[in-house]
1. Of all residues being under 30 Å from F77 (Cβ atoms) and assigned to a strand (DSSP E or B) in the range 243-261, which is nearest to the ligand (Cβ to nearest atom)? Just the residue, please.
2. Can you tell me how many residues within the range 262-283 are over 22 Å from M104 (Cβ atoms) and either within 11 Å of the ligand (Cβ to nearest atom) or in contact with a helix residue (DSSP H, G or I) (Cβ under 8 Å, 6 or more places away or on another chain) (or both)?
3. Residues in the range 174-182: is at least one under 21 Å from N304 (Cβ atoms), acidic (D, E) and either at pLDDT 95 or above or within 13 Å of the ligand (Cβ to nearest atom) (or both)?
4. Output the residues belonging to the range 28-73 that are touching a Cys at 6+ places or on another chain (Cβ under 6 Å) and over 20 Å from H334 (Cα atoms).
5. Quick check, is Q220 under 28 Å from G141 (Cα atoms) and in contact (Cβ under 8 Å) with a residue 24 or more places away in the chain?
6. Condition test on A245, is it buried (at least 19 other Cβ atoms within 10 Å of the Cβ), under 23 Å from S283 (Cα atoms) and in contact (Cβ under 8 Å) with a residue 24 or more places away in the chain?
7. For the structure I just gave you, tell me whether V138 is within 16 Å of the ligand (Cβ to nearest atom) and either assigned by TED's automatic domain parsing to the domain that holds A328 or under 18 Å from A74 (Cα atoms) (or both).
8. In the range 159-170, how many residues are polar (S, T, N, Q) and surrounded by 18 or more Cβ atoms within 10 Å (Cβ to Cβ)?
Amino acid sequence: MNTRTEPAATALYLADTHEVSNLSTELCDYNMYTQDAALREAVQREGGQWADGELSAFGQMTGSADYLELGNLANKFQPEFDTHDRFGNRIDLVKFHPSYHQLMKTSIEHGLHASPWTSPGPGAHVARAAKSFLHGQVEAGHGCPITMTFAAVPALRLQPDLASVWEPKVTARVYDPRNVPVEQKQGVTIGMAMTEKQGGSDVRTNSTRAYPLGTGGPGQAYELVGHKYFVSAPMCDAFLVLAQAPGGLSCFLLPRWRPDGSKNPMQVLRLKKKMGNASNASSETELRGALAWMVGEEGRGVRNIIEMVSMTRFDCMIGSSAGMRMAASQALHHCSMRSAFGQVLNEQPLMQNVLADLALESEAATTLTMRMARAMDNRANEQEDLLVRLVTAVGKYWICKRTPNHA
Ligand SMILES: Cc1cc2nc3c(=O)[nH]c(=O)nc-3n(C[C@H](O)[C@H](O)[C@H](O)COP(=O)(O)OP(=O)(O)OC[C@H]3O[C@@H](n4cnc5c(N)ncnc54)[C@H](O)[C@@H]3O)c2cc1C
């Protein structure tokens, strides 16, 4: 028999089902830089001590509740794709949530896409890596176009006539997301398109063909016909692309719009469905006679684009180390507030063991990444240059492989 006296259907009664207790709070409003001893010590040790003040201010911003929320929003409201506008014009437009644009804007205004190229010198890569590490803890997906833009510069420089036109806009601290030709922009972003259906790692199997429009050769215009199966950040203003020229696999710079203002036919077919990396659009494309200029020597495409790939490997180390740091921070924070079996979790001996392992692995990843940043600052030294070539590959492999398990 129901003996209740209060009215069962009142809002008050329904809301009062249980008391929320023994849960942690949101980890926010902390200084991501000054509270990260391993990062701060690495910055000092590897030559970036001059950036300590700047990094402190940046870490205060990235750790604030409002700023962290941008990362949540950019992943909750995912990119949407329109092939055409409502009048039927082909536009290949990806629309992002405003939070994504804000993250891109901050990254570019703080030089995460270019500072070591525009202000080289001792600690330039170290300071940029530390800032990227902090920003990557807020949101990882937007780091894709930022990284590719950063990484494109050494490859672009292989073709000085193209670099003289593009590099000032690539390195400018201006974020302009408009879907318009490069001539109308002060700041641009760069993507890369290598992967095809029949081969990802093995790009020698690329089937996209490049037809010279004139004499052909370095810096000259070609038309590309084929497909690219994994093009991330398709809203970039141009892409470094591999295609088979008459003299072998070569590297090209392909703009989203032709110089005459018409749409360059690198057509986006659809966005990829991915398990993670949700805020970042990745696409499948077809190249239907798309204009592109050859970068570097004909037949040396892999050698040339590897300049870009090597830089992106380094950024994969930064991004995955940042992921580890955020995971460890969340775990440490949670376990400092939640109790089980009569004790706060971080006072339980076995949990201390787990947390120590997580922190150790995270700090090791940070330490290796920052050591590589110093090597990047010192590539004039042969030993440091060899270290970059070897350890970016090994570091990317190991840190990226460990990060999901660690999380
Ligand atoms: C989030 C995301 C974004 C991406 N964005 C881009 C982009 O913007 N542009 C772009 O061009 N591509 C992009 N890619 C594609 C990516 O570069 C390819 O997935 C990658 O090159 C691997 O190619 P694949 O997937 O075809 O695998 P495969 O090359 O077919 O490899 C399959 C498996 O075999 C292994 N394998 C390959 N070669 C060897 C070997 N010699 N010995 C032993 N094992 C081997 C690989 O490790 C893998 O486990 C992106 C991928 C992801 C996941």
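1. It comes out as L254.
2. Of the residues in the range 262-283, 1 are over 22 Å from M104 (Cβ atoms) and either within 11 Å of the ligand (Cβ to nearest atom) or in contact with a helix residue (DSSP H, G or I) (Cβ under 8 Å, 6 or more places away or on another chain) (or both).
3. no
4. Matches in the range 28-73: none.
5. Taking the combined requirement at face value, the residue does not satisfy it.
6. Taking the combined requirement at face value, the residue does not satisfy it.
7. Answer is no for this residue.
8. Residues flagged as polar (S, T, N, Q) and surrounded by 18 or more Cβ atoms within 10 Å (Cβ to Cβ) within the range 159-170 amount to 1.
The values are calculated or read from the model by the stated rules, or taken from the named source; none is laboratory data. Quick caveat, the model's predicted, so the values are computed rather than measured. As a convention, Cβ positions derive from the backbone with ideal geometry for all residues, glycine included, and neighbour counts pool all protein chains shown.
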